[in-house]
Amino acid sequence: QVQLIESGGGLVQAGGSLRLSCAASGRTFNNNAMAWFRQAPGKGREFVAAISWSDGSTDVADSVKGRFTISRDNVKNTAYLTMNSLKPEDTAVYYCAAKRGWYRRDYETYTYWGQGSRVTVSS
C-alpha cells in the first residue's frame, strides 16, 4: 500500500504562484511514477504532469507547459507541482497519483490517489 498526502492548495490571484506537495508513505518503490491530475467543476479528470521516480524524466500537458513544473525529492518521498502564471482556467481540484512502472497520461492506470487539493485562481 502507498499513501499519498497532499498539501499546498488555496486561493491565488491570476498571475500568481502556488506549489502543491504530495508526500508518499508506505510501500514506495523506485520504479514508481507519480502524476498530477486536475478536475474542474463539471469536467472530467485532466492530466497535468507526471514524473518517473527513478530517473526524474517528466511529461507535462501542453495546457500548462512553460508555467507548471513537476519535481520530486527522493529523500523526502515527495512530489511537487510548482504552478506559475496561474490563470482562472487553472481553477480545479488537483490530485496526485502513483503507479508502478512508467508514467502515463490516462488516470485509469494509476493505483494510488491523494485526497485532492483545491486551487482557486481569481481574475
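The values are calculated or read from the model by the stated rules, or taken from the named source; none is laboratory data. None of the values given here were measured: they were computed from a predicted structure. Neighbour counts are summed over all protein chains in view; Cβ atoms, including those assigned to glycine, are modelled from backbone coordinates with ideal geometry. These area figures cover heavy atoms from the full protein model, side chains too; ligands, DNA and RNA do not enter into them. Shrake-Rupley method; radii C 1.70, N 1.55, O 1.52, S 1.80 Å.
Between the stretch 29-48 and the stretch 64-123, what is the separation of their alpha carbon centroids in Å?
Answer, in whole Å: 6.
Just to confirm a number: summing +1 for Lys and Arg and -1 for Asp and Glu over residues other than Thr91 whose beta-carbon lies under 13 angstrom from that of Thr91, what do you get? Mind dumping the intermediate values first?
On the way: positive: Arg38, Lys43, Lys87, Arg118; negative: Glu46, Glu89, Asp90.
Combined, the nearby Lys, Arg, Asp and Glu give +1.
Label Glu89 and Trp102 with points 7 Å out from Cα along Cα→Cβ: what is the distance between them in nm?
3.0
Suppose we keep just the alpha-carbon trace of the chain; what are its Rg and Dmax in angstrom?
Using the Cα atoms of the chain, the pair Rg, Dmax is 13.3, 41 Å.
Percent of accessible area on the chain owned by carbon and sulfur, 1.4 Å probe? List each step's numbers first, then the result.
Details: 2900 of 6210 Å².
Percent of accessible area from carbon and sulfur atoms in the chain: 47.
Would you work out the relative contact order for the chain, in percent, from Cα pairs under 8 angstrom that are 6 or more residues apart? Could you put the intermediate results ahead of the total?
Working: 313 pairs, mean separation 43.5, N = 123.
Rounded, it is 35 percent for the chain.
Projected onto the charge dipole of the chain (+1 at Lys/Arg Cβ, -1 at Asp/Glu Cβ, origin at the Cα centre), which of Ile51, Leu86, Ser117 gives the Cα projection farthest towards the positive end?
My answer, from the dipole projection, is Ser117.
For a quick protection proxy, order the peptides 69-78, 16-25, 32-41 by their average other-Cβ count within 10 Å, most packed first.
Those peptides, ordered most packed to least, come out 32-41, 16-25, 69-78.
For Thr109 paired with Lys76, estimate the spin-label separation in nm (one decimal), with each label point 7 Å from Cα along the Cα-to-Cβ line.
Here the modelled spin labels are 2.8 nm apart.
Based on the alpha-carbon set only, what is the convex hull volume of the stretch 69-123 divided per residue, in Å³? Walk me through the numbers before you get to the answer.
Values: hull volume 5.9 nm³, N = 55.
Once divided by residue count, the hull of the stretch 69-123 is 107 Å³.
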